[in-house]
Each structure stands twice: as C-alpha cells, then as structure tokens.
C-alpha cells in the first residue's frame, strides 16, 4: 500500500517599500489520502483562536496575525469611521508542481479583519463605548483594552463608528486577518509538492482597506504576499486473491478440446482479478525477470523462449481520458509506466484484471512453443501513487 501526503504552505511575503514593508505569514496544510482529509499545521493567532475556536478548528480556514500596526482617527461626524474593506471576489493563484508543468487552482478569500486596539489620549474607548455604531461589520471578538478585536467583513466592506460628536484616536497592532481556502479536488492532483504566490496591497483605499488617507497614519505594512506550498500524499491499496502469485496459462475454454489432437492453440491466457482503491492519480508498470530486449520471454528447460504479453483493465479509472479496457502494459519497467486518473466525482473502488497471454504458434519460427515443454518466467507488477 502506497501513501502520499498533502502539505499546504501559504506565506505572506516580506517586501521592501519606501515607508513600509510587507507582512510575512506561512500557512501549512496537509492532505492525507488515507483519511481523505486536510490538516492545518499553521501556527495560528493563538490569543484570538483561543476565544473564537470556530474560526480556527477547520483545516481550510483560520486566523493569522501580522506584525503590522497603524494609527486611526475616528469621529462621529465622518463616514470613514473604523472602515474595513476586502477584495469582493476570492483571489486565485495557480500552484505549479515541482518537476513538471502541472498546475492546481486555489482560491483564497479574506473574511475577517481585526487587531489589538488601544486608545491614544483621552478619547472614548473602542469598542466598549455604549453608543458604538456599526455599518455592516459583525463583531466576532469584542474585547477590552489589550485584547484583540475582530470583525467579519462583508464583500462590500463595512464601518465601525462612534456616536456623533465623539472623537477618538487609536493604535491598532498585531493586525488579524481571517482567511478561507478553496482547494481543488485532491483526487485530481498527482502526489508531490506545488508552489504558487498571490499578493494583496494593504492600507488606505487598498485591496485590504483600513480607511482613508485622512484617518490612517503610521502604517508600517503596505502589502501581503501569499506564497503557497502544497504537498500531496495519496493512499493506494491494491488487493489480489490468495492464488494470484501463480499464473497458469491455458487455452479457452480448456485443454479438453485439444486432447488427442495435433497442433497448438492460438493463445494461452489467464486473467487475474484485483481490486484497487486510491485517493488520487497513480501509475502502473511491470518488469520481467528476463533481460531480453524484446517482449518478456518465458523460457523452457531446453532454452527455448516465447514472449509473454500483458494488458490491464480497470473500471472506475481513466487513462488519458478514456476507459481502461485491455490496455497494453509494457514489461519494460517504470519508464514505460501507464498513468491513471480518477473521475471527477472522486475516489472509489476499482475492479481490475491483469490479462496475461502467450502465442504458442509464435510470431516467428523461433518463438513457436514445443509440445511437452514447460515454459516459466516471473513478472513484477507495480502500482505506485508517487507520480
């Protein structure tokens, strides 16, 4: 049984700017084929996650804390208030698999914005002010001084303000961002490591908006770059019957029709059934005990040889988009492997047959089998989820 693992890393990269830098955060996820589940290995925003576990206990969503801060002017006479904005549509990035041109499409959505808000000077406290006004922002964390605040931000943005007449100046540090990921169907991904990148601007009137230039000052972070690394480990389980290791080739429907008759059957064959379950794409190849360059010869005691042929049928799997029915399987090793995909509706139980046969009459006189001789050989068939 072969298993293949899936780990996802998303990094908010550090870029130099004139007066500010970019934040740098890593998201790490793992997909395990044996459980059919993603695991989130990211170092979470521990203080906030401890208080809103529902945002952090699912593998494809969470909170990250940026070492970012800014100052904010809020007054009840201006529409700006504590304004937050996020991209209205999910960001799309393409991850490229190492060693190949294969790509996987990932969507990321910013869902929450917050941070530790402290009052500067003698202005009103936020958000404990009894008259606090809100326009579309849903408070998820509503804490006191020194503790993080967090708002769920709709696609069209929102504002948290003060009652008319109140004026306050605040410092926001340890900026919090909530995120949600949409991953491709793991059954469509080959095992391996994928990498990609997406970047958002951060600040007044930017992709991730914090208000206007009139009200936002001392911002020390101006962009967020997500570097994504995805590692995939699939699970592959193949089961044969107890007698599958010994393959006896016979004519159909049997030897009885040839009793007392001269001549050789046109074909000797045997089908070996098996079942296969896989959480993603896989490949199959075969090797022969013989070092011969042509075919895979079975050998008799007198030194005569005849080629062995092998094919595979596999329900529930696809090869280059087509059903797998008696697909010829080379016995030349991994370099001649066949790659199989699963249908879009995901993994399931595949039933298969390995079709072995020889041609007793041969394709040439040297390959013709001689009556009374026993021809033997050994074949190894490999099923591999590590594409």
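The values are calculated or read from the model by the stated rules, or taken from the named source; none is laboratory data. What you see is a predicted model, and the numbers here were worked out from it, not measured in a lab. Backbone-built Cβ (ideal geometry, glycine too); neighbour counts: all protein chains shown.
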- Query: Which of the following residues is touching a strand residue (DSSP E or B) at 6+ places or on another chain (Cβ under 6 Å) and modelled with pLDDT of 90 or more: 246, 239?
  - Reply: 239
- If you scan the stretch 262-287, which residues turn out to be surrounded by fewer than 16 Cβ atoms within 10 Å (Cβ to Cβ), part of a loop (DSSP other than H, G, I, E, B) and touching a strand residue (DSSP E or B) at 6+ places or on another chain (Cβ under 6 Å)? 267
- Residues within the stretch 308-351 that are at pLDDT 85 or above and in contact with a helix residue (DSSP H, G or I) (Cβ under 6 Å, 6 or more places away or on another chain), tallied: 1
- Message: Go through (1) modelled with pLDDT of 90 or more; (2) buried (at least 16 other Cβ atoms within 10 Å of the Cβ) for residue 305 and report which single condition fails.
- Response: (1)
- Message: Here is a list: 247, 228, 232. Which entry is closer than 25 Å to residue 321 by Cβ, touching a residue at least 60 places away in the same chain (Cβ under 8 Å) and either more than 33 Å from the chain's Cα centre (by Cα) or not in a loop (DSSP other than H, G, I, E, B) (or both)?
- Response: 232
